[in-house]
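These notes concern the structure reproduced below.
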Amino acid sequence: NNVAFPSLSRAMDYNLARKAKTEEIPLTKASGRICACNAGVFPPCYPVILAGEVFDNNAIELLSAPNTFGVLEKNGEKTVKVVKG
């Protein structure tokens, strides 16, 4: 896969995003939402998105890979934590 790592916009301070109320949503619906917990790929355990940054389609594609952290799986669907609201 030749997808470049995204250059994401920061919508919220990292610490505020980590402490904010969150909700878990399907990864495929995360575009435009504020990330509430770091997520990335391994190896090499490289973060794709940090708390407070806004998901875009490129980040979603990278996090669709099989080896990820910060991405949960429920009923066969990948989910992520985003800032509620």
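None of the figures in this text is laboratory data; all of them are computed from the coordinates on show. Owing to the predicted nature of the structure, the values given are computational and were not obtained by experimental measurement. Backbone-built Cβ (ideal geometry, glycine too); neighbour counts: all protein chains shown.
Just one of the listed residues (VAL41, VAL48) is crowded, with 17+ Cβ neighbours inside 10 Å, of a type in the set (Val, Ile, Thr) and touching a residue at least 40 places away in the same chain (Cβ under 8 Å), and it is VAL48. Does at least one position in the stretch 61-80 carry a residue that is in a helix (DSSP H, G or I), free of Cβ contacts under 8 Å to residues at least 12 places away in the same chain and either under 13 Å from the mean Cα position of the chain (by Cα) or buried (at least 19 other Cβ atoms within 10 Å of the Cβ) (or both)? No.
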